[in-house]
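The values are calculated or read from the model by the stated rules, or taken from the named source; none is laboratory data. Note that the structure is a prediction, hence the values are computed from the model and not measured. A quick note on method: Cβ atoms are made from the backbone with ideal geometry, for glycine too, and the neighbour counts reach across all protein chains shown. The protein model used for the area step is the full one, side chains on, heavy atoms only, and it has no ligands, DNA or RNA in it. Shrake-Rupley method; radii C 1.70, N 1.55, O 1.52, S 1.80 Å.
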Amino acid sequence: MKIITSVTVFNDAVGMRMSATYSEVDDATGRITNDNQRFDRVITDETAKTEAQAILAYAAENL
């Protein structure tokens with residue numbers, strides 16, 4: 001199974017981007033088979049964009 005270990009959302013020249021890291025764990029043994037892998041995506045789903053913007057606004061409120 002793949003387990004998300006971190007997520008970052010930020011704006012860049014391309015648009016709103018999500019960067020995430022994950023680990024892969026063997027279901028039977030619990031052994032980590034692949035660790036600290038990363039992927040990046042441009043957020044295109046409008047609902048996800050709205051939710052990501054809300055999280056960024058909440059973070060700004062806490063400065």
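Side notes on the structure shown:
- Residues of the range 1-44 that are in contact with a helix residue (DSSP H, G or I) (Cβ under 9 Å, 6 or more places away or on another chain) and open to solvent by 60 Å² or more (accessible area, probe 1.4 Å): 10, 11.
- Residue 60 vs. criteria hydrophobic (A, V, I, L, M, F, W, C), surrounded by 10 or more Cβ atoms within 10 Å (Cβ to Cβ) and out of contact with any Ser or Thr (no Cβ under 7 Å at 6 or more places or on another chain): no
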